[in-house]
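Written below as structure tokens is the structure these notes are about.
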Amino acid sequence: CACHTTRGGACVRVNILGAAGPGRVLKTSGTADLLRTSRKGMATRVTEADVRAMGRDAQGVRGMKLREEDEVGSCDVCHDETAILLVTDAGYGKRTQLTNFNPQGRGGIGVIGIKLTAKKGQVVAAHTGGLDDEVVLMNAPGVVIRTAVRAWCSPGHCAPGDGWKARG
């Protein structure tokens with residue numbers, strides 16, 4: 001191990017504060033755009049070049065400014081020919097082309113990715129997909145739904161997610 005700091009024989013690679021940890025690790029080209037979404041439906045697109053490289057002991061930089069009682073929900077690599085698929089905990093979903101999200105500086109609040117109400121709940125998943133892809137969703141009781149990305153409504157980035165509703 002090339003580290004100088006160890007804990008119980010394990011090498012410390014990244015310092016993470018509190019109980020938070022990386023929810024997903026993405027392989028990128030180094031020049032890609034990333035789209036982050038929050039549980040309250042906000043989305044921000046940032047260019048990788050705007051995020052500076054840091055040493056192993058660094059704690060990172062602010063990726064997205066969050067409003068009160070919000071948290072980062074998901075992150076994915078942007079490809080302009082794909083869409084972002086947003087799913088709420090009440091089973092609503094929406095598809096929006098990534099070209100609708102302009103790159104911003106890191107640390108911004110972002111734009112509304114999906115308008116949420118108490119009925120629709122909060123965003124639980126947000127991932128990119130092409131029109132020819134399919135998505136498999138499963139709810140808490142174990143109902144599994146397989147659907148084509150093309151079948152999801154695509155009304156624009158700030159519209160409500162009324163176009164698709166999981167049943168079951």
- Message: Against the condition closer than 21 Å to VAL136 by Cα and either at pLDDT below 85 or touching a Ser or Thr at 6+ places or on another chain (Cβ under 6 Å) (or both), how does THR82 come out, does it pass?
- Response: yes
- Item | Residues (under 24 Å from ALA148 (Cβ atoms) and of a type in the set (Lys, Arg)) located in the stretch 116-132 | LYS120
- Note on the structure: Log entry, pairs with first residue in the stretch 126-140 being of a type in the set (D, E, K, R), second being surrounded by fewer than 18 Cβ atoms within 10 Å (Cβ to Cβ) and not in a loop (DSSP other than H, G, I, E, B), beta carbons closer than 9 Å, six or more apart or on different chains, reads ASP132/ALA148; ASP132/ARG150; ASP133/ALA148; ASP133/ARG150; GLU134/ARG146; GLU134/THR147; GLU134/ALA148
- Message: at pLDDT below 65, assigned to a loop (DSSP other than H, G, I, E, B) and open to solvent by 30 Å² or more (accessible area, probe 1.4 Å): is that true of ARG24 in this structure?
- Response: no
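Please report, ordered by residue number, the strands (runs of 3 or more DSSP E) entirely within the stretch 82-139 with at least 2 residues that are surrounded by fewer than 15 Cβ atoms within 10 Å (Cβ to Cβ). Steps first, please.
Details: elements: 83-88, 92-97, 123-129, 134-138.
The qualifying strands (runs of 3 or more DSSP E) are 134-138.
So that you can scan it fast, the table gives a plain yes or no per residue for (1) at pLDDT 80 or above; (2) more than 26 Å from ALA140 (Cα to Cα):
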residue	(1), (2)
THR28	yes, yes
ARG39	yes, no
MET54	no, yes
MET64	no, yes
SER74	yes, no
VAL87	yes, no
THR99	yes, yes
LEU116	yes, no
GLN122	yes, no
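The values are calculated or read from the model by the stated rules, or taken from the named source; none is laboratory data. This is a predicted model, so every value here is computed, not measured. As a convention, Cβ positions derive from the backbone with ideal geometry for all residues, glycine included, and neighbour counts pool all protein chains shown. Areas reflect the complete protein model, heavy atoms only, side chains present, ligands, DNA and RNA absent. Shrake-Rupley method; radii C 1.70, N 1.55, O 1.52, S 1.80 Å.
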